[in-house]
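Just below is one structure, and these are the notes that go with it.
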């Protein structure tokens with residue numbers, strides 16, 4: 001898989017990790033004595049089908065990505081951040097969907113070894129895919145509180161677009177008639193060690209919702 005320079009640097013397709021571990025686990029059960037969960041097969045099929053359908057529904061987030069014009073493979077540059085649909089609750093609905101599908105197939109095919117391999121798959125996805133994606137993208141946020149003449153601005157950053165960490169001190173925006181001056185906010189690349197450099201800003205979004213002031 002070709003890795004583009006301006007990307008998270010993931011060098012393998014994440015679906016292959018799930019598929020490879022599932023096939024390995026199902027194949028290994030032919031060589032060992034542990035071949036069954038010891039549960040009625042009809043119950044296993046029902047549970048597996050339920051997980052599979054839930055995972056497939058979650059995987060529809062990939063369709064949302066494409067409709068928005070974003071790149072799905074983590075080896076390609078991030079062009080925008082999705083915040084609608086399942087992205088309102090989790091930053092990784094596609095990987096969650098793959099996990100549910102994997103679990104559904106492992107249970108439905110009565111594969112305890114394949115199911116036991118799932119934690120290793122999740123560790124690989126977390127450390128080699130999700131962690132790289134979160135290091136690749138930084139979110140910045142400014143909340144302006146004008147209620148009851150509070151007139152303060154709060155600054156935050158996030159690595160996943162969901163959990164926000166405060167930066168510096170709140171800015172008290174003073175408004176008085178003798179010297180009235182508006183406040184402007186901008187995004188800049190400020191080099192502190194050597195001259196030069198650049199930064200890409202993918203989008204800027206305005207909203208009337210703010211985080212609770214610290």
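The values are calculated or read from the model by the stated rules, or taken from the named source; none is laboratory data. None of these values were measured; they are calculated from a predicted model. Here Cβ is always computed from backbone atoms with ideal geometry, including for glycine, and neighbour counts include all displayed protein chains.
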Problem - Lone qualifier among 142, 107, 113, 101 - being over 26 Å from residue 12 (Cβ atoms) and either at pLDDT 80 or above or in a strand (DSSP E or B) (or both) - result: 142
Exercise for the section: For the range 121-130, state whether one or more residues are in the same structural domain as residue 205 (by TED's automatic domain parsing) and not in a loop (DSSP other than H, G, I, E, B). Expected result: no
